[in-house]
1. Using the Kirkwood radius over C-alpha pairs as Rh, can you work out the diffusion coefficient of region A:9-82 via Stokes-Einstein at 25 °C, viscosity 0.890 mPa s, in µm² per second?
2. Could you line up A:Ile79, B:Ile115, A:Ile44, A:Ile30 from fewest to most neighbouring Cβ atoms inside 10 Å?
3. Could you give me the percent of Cα pairs per 5 Å distance bin for region A:73-133, shortest bin first, beginning at zero and ending with the bin that holds the maximum distance?
4. Between copies, how far does the label point of B:Phe40 sit from its twins, in nm, shortest first, when each point is 7 Å from Cα along Cα→Cβ?
5. Straight-line reach only, C-alpha to C-alpha below 13 angstrom: list the aspartates and glutamates that A:Lys32 could link to, leaving out same-chain residues fewer than 8 apart.
6. Within 12 Å, Cβ to Cβ, of B:Asn43, how many net charges do the neighbouring residues add up to if Lys/Arg are +1 and Asp/Glu are -1?
7. Put a point 7 Å out from Cα along the line to Cβ at A:His127; what are the distances to that point in the other copies, in nm, shortest first?
8. Looking for one value pair here: nearest-to-axis residue in chain B (by Cβ) for the rotation onto A, and the distance in whole angstrom.
Protein chains: 2
Amino acid sequence: MLSRKAQYAFRALTHLVEKYDQGPVLISEISKKKKIPLKFLENILLELKKAGILESKKGKGGGYYIKNHPSKTHMANVIRIVDGPIAMLPCVSLYFYERCKNCNEEYCALHDTMILVRDATLGILEHRTLQDLTN
Amino acid sequence: MLSRKAQYAFRALTHLVEKYDQGPVLISEISKKKKIPLKFLENILLELKKAGILESKKGKGGGYYIKNHPSKTHMANVIRIVDGPIAMLPCVSLYFYERCKNCNEEYCALHDTMILVRDATLGILEHRTLQDLTN
DNA sequence: CAATACCCTACCAAGTAGGTGGACTTCATT
DNA sequence: AATGAAGTCCACCTACTTGGTAGGGTATTG
């Protein structure tokens, strides 16, 4: 399951896509419109900025906005930033790989199945972008 | 990601599949062979029993064993018992459905994508069974 | 009686969801 | 050029839940 944080992230991004190319959007505006706790949202947006998805402008007239064209950022990307691995096991994760402990790497029964699941999932999430978030 | 608990569950089940039709298997034996913390394993097996996947026998000569033929229990089943929802959002979960808060049910952008992900995932996990856990 | 599943409680570490307060930056106004 | 309001940025902090560990006691079976 996606964490609540990730769900907030997507809701916030949806709003920013709608306001794309219209200048910086206030955190407080997003918070109000999308009913996301203000301070929590603050952290989420900052994280997305540090990861290169958003840009921000400080001071008066400042706010957050999407860095690249919405069609350039994939949903999989957002999930990885906020929630971490998409795969069901560390040993089949592309971006967060870790050896399974006490599991003979030779032939882990789950391994093969989970690679299938991963590929099926990514096949979708790597092709959907922020642009798809709006109608 | 699957919890460690779920991973243990699959490892334990793998062992039980190998010993299928050979009578009850001791918790301690599974714990040793698969290197799973004994007391933690105890809880996992009990949970799987209550969910109808395993059977147990108390007293001397007792232990745990798989209830139905391994080909009858799907991996999706095990995950749902141990970890809960497989879907990425409650609002697209088949077995653990919940309305999303503050998300216009009419058209949630994520919704559609996550239904695709869910179906792709289940397409695999609903067809793989315990039997597939062994070579 | 001994072996074994079953069950209960307590505990610690880590992660999640969110809040507080304040420092820093920018811009418009004067 | 100084000021002050409007913003982001940032370092903690609290409360709650989850994951995992550990010990000991009870019920049941051979």
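1. In µm²/s, the coefficient is 202.
2. Working: A:Ile79 20, B:Ile115 16, A:Ile44 23, A:Ile30 26.
Ranked by crowding around the Cβ, least crowded first: B:Ile115, A:Ile79, A:Ile44, A:Ile30.
3. Reading upward from the zero bin: 4, 19, 25, 23, 13, 9, 5, 2, 1.
4. For B:Phe40, the inter-copy label distances come out at 2.8 nm.
5. Within the straight-line cut-off, A:Lys32 pairs with A:Glu42.
6. Values: positive: B:Lys5, B:Lys39, B:Lys49, B:Lys50; negative: B:Glu42, B:Glu47.
Charge balance near B:Asn43 sits at +2.
7. 1.8
8. Its Cβ sits closest to the axis: B:Ala120, 2.
None of the figures in this text is laboratory data; all of them are computed from the coordinates on show. In this text the structure is predicted, and so the values were computed from the model without any measurement. In this analysis, Cβ positions are derived from the backbone assuming ideal geometry, glycine residues included, and neighbour counts consider all displayed protein chains.
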